[in-house]
């Protein structure tokens, strides 16, 4: 007779917000860090990070020389990517984390851990739109219609610390496409290095008098921005791959830059060769494992006296 009221009391207490079950629900109210939606979000952010990494060197060299305005579609896409990084603050503050091998999905602990971390400070510095704030404080800058000040966004490089976690996320998603992912990484790294070298070469200027054969000739000023970039990229890829040596530098800074590019090309060659060797090694290991299983199966069939024609 007394058991039924007690059970009702437990059910009534369990339905309340301050119950034990409600407390357990509060401890698991953060996003699962291994959810498919969160992994897709990190892929999108990784694409935005790559876009900004390619855009900023181009903006401070080619775009600044050509005086591209801030209304260019490429710079609008840059600010669209920044909006996504702003939204990522909400995602991080509501995402669980791992500690000592255990997953914690408590929002309060997740927020406290992120807000007191050094990564939050770096993200906060990287999200500040200095290319918008500083020109607005200078009325003459806005009225003169100068080009987009890409050098003010140099703090975006602080987000490069996220690259290892983004690459780990790609490894988890495309684990079945291991070879394609490795080749993709090699292509992205090679393209980025060639892009940065091309921007660095263009930053040296042009040879107006023709005395410095290492620099591009002055008639390139009349060429379009695309033509100038392709020509600089052709020089960059040629020197990185060793397809041609280019003109002999004249000044010490030009010698130092050319030697750095040559060393970068050698490092990229080693990186590509090591990746191909790892892929071939993985392929050979899988072949040996498959052959060992086939031999075990043949031994089993022979033991049971199965004819060779059926084997």
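The values are calculated or read from the model by the stated rules, or taken from the named source; none is laboratory data. Given the structure is predicted, the values throughout are model-derived calculations rather than measurements. Cβ atoms come from the backbone with ideal geometry, glycine included; neighbour counts cover every protein chain shown.
Table for the structure above
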quantity: Condition check for residue 243: at pLDDT 90 or above, more than 16 Å from residue 213 (Cα to Cα) and more than 22 Å from the chain's Cα centre (by Cα); calculated: no
quantity: Qualifying residue in the stretch 281-289 (condition: farther than 30 Å from residue 201 by Cα, surrounded by 13 or more Cβ atoms within 10 Å (Cβ to Cβ), modelled with pLDDT of 65 or more and over 44 Å from the mean Cα position of the chain (by Cα)); calculated: no
quantity: Within the stretch 247-278, considering residues that are under 20 Å from residue 212 (Cα atoms) and crowded, with 16+ Cβ neighbours inside 10 Å, the one farthest from the chain's Cα centre (by Cα); calculated: 249
quantity: Those residues of the stretch 265-277 which are touching a helix residue (DSSP H, G or I) at 6+ places or on another chain (Cβ under 6 Å) and touching a residue at least 60 places away in the same chain (Cβ under 8 Å), in sequence order; calculated: 268, 272, 275
quantity: Test: residue in the stretch 215-224 that is more than 25 Å from the chain's Cα centre (by Cα), loosely packed, with under 14 Cβ neighbours inside 10 Å and at pLDDT 85 or above; calculated: no
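Okay, residues lined up against (1) in contact (Cβ under 8 Å) with a residue 24 or more places away in the chain; (2) buried (at least 16 other Cβ atoms within 10 Å of the Cβ); (3) touching a strand residue (DSSP E or B) at 6+ places or on another chain (Cβ under 8 Å):
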| position | (1), (2), (3) |
| --- | --- |
| 46 | yes, yes, no |
| 49 | yes, yes, no |
| 52 | yes, yes, no |
| 59 | yes, yes, no |
| 64 | yes, yes, no |
| 74 | no, no, no |
| 83 | no, no, no |
| 89 | yes, no, no |
